[in-house]
Amino acid sequence: MKINSIHVLGLAVLFIIVSSFQTKTTLKGTWEFAGGIYNGKKEGAPAEYALHRIYDAAHYDAFAIEKGYKPEKYEAGDYAFNGDTCVDTETFSSQASKIINIPIHYLYTLKNDTLTLSGKLPTGMIVEEYWKRIK
């Protein structure tokens, strides 16, 4: 079978149409920690305060929010997507941290307004965290 220019042009147009419907994944917005599983042990979100992450297109700032107090920034970092992986690099921590500037690869899922991050930290801890979009 001989491929002619009309077939090539048709395939190119089809590719452009299909590609135009793909959106770039971003976490832009405010997310609240909803609990997680750490080395097989389930933990809920803290009751006394909330943990928020505010994401832009490639960075995040994390805050502890406690009623009656000014929000306290405890972490910041960069993130990028690579297939089904979210690569998170912590660039700031208000406490001593062993993962500053170490990229951590999480498998991620976005379902409705819930972000799930699962992976293995450099310390060996297996984590699965749940974050709910609030804005």
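The values are calculated or read from the model by the stated rules, or taken from the named source; none is laboratory data. Computed from a predicted model, the values in this text were never measured in an experiment. A quick note on method: Cβ atoms are made from the backbone with ideal geometry, for glycine too, and the neighbour counts reach across all protein chains shown. Accessible surface areas use protein heavy atoms only, side chains included; no ligands, DNA or RNA. Shrake-Rupley method; radii C 1.70, N 1.55, O 1.52, S 1.80 Å.
Structural remarks
- Efficiency of FRET between Phe92 and Lys42 - r from beta-carbon atoms, R0 22 angstrom, step 0.05: 0.20
- Of the whole protein surface, Glu128 contributes about 60 Å² of accessible area at a 1.4 Å probe radius.
- Between Tyr74 and Ala34, the modelled label-to-label distance comes to 1.9 nm, taking each label 7 Å out from Cα in the direction of the beta carbon.
- Per-residue 3J(HN,Hα) values for region 88-94, derived from phi via the Karplus relation 6.51 cos²θ - 1.76 cosθ + 1.60 with θ = phi - 60°, read 10, 10, 6, 10, 8, 9, 6 Hz in sequence order (x marks Gly and Pro).
- Nearest-0.05 FRET efficiency for Val127 and Thr85, computed from C-beta distance (R0 22 Å): 0.95
- With both residues required to sit in region 72-117, DSSP beta bridges show an antiparallel share near 95%.
- In this structure the amide hydrogen of Ala45, modeled in the peptide plane, comes within under 5 Å of the amide hydrogens of Gly35, none closer than 5 places in sequence on its chain.
- Partner lysines whose Cα lies under 22 Å from the Cα of Lys111, excluding those fewer than 8 positions away in the same chain, are identified as Lys24, Lys28, Lys42, Lys120, Lys132, Lys135.
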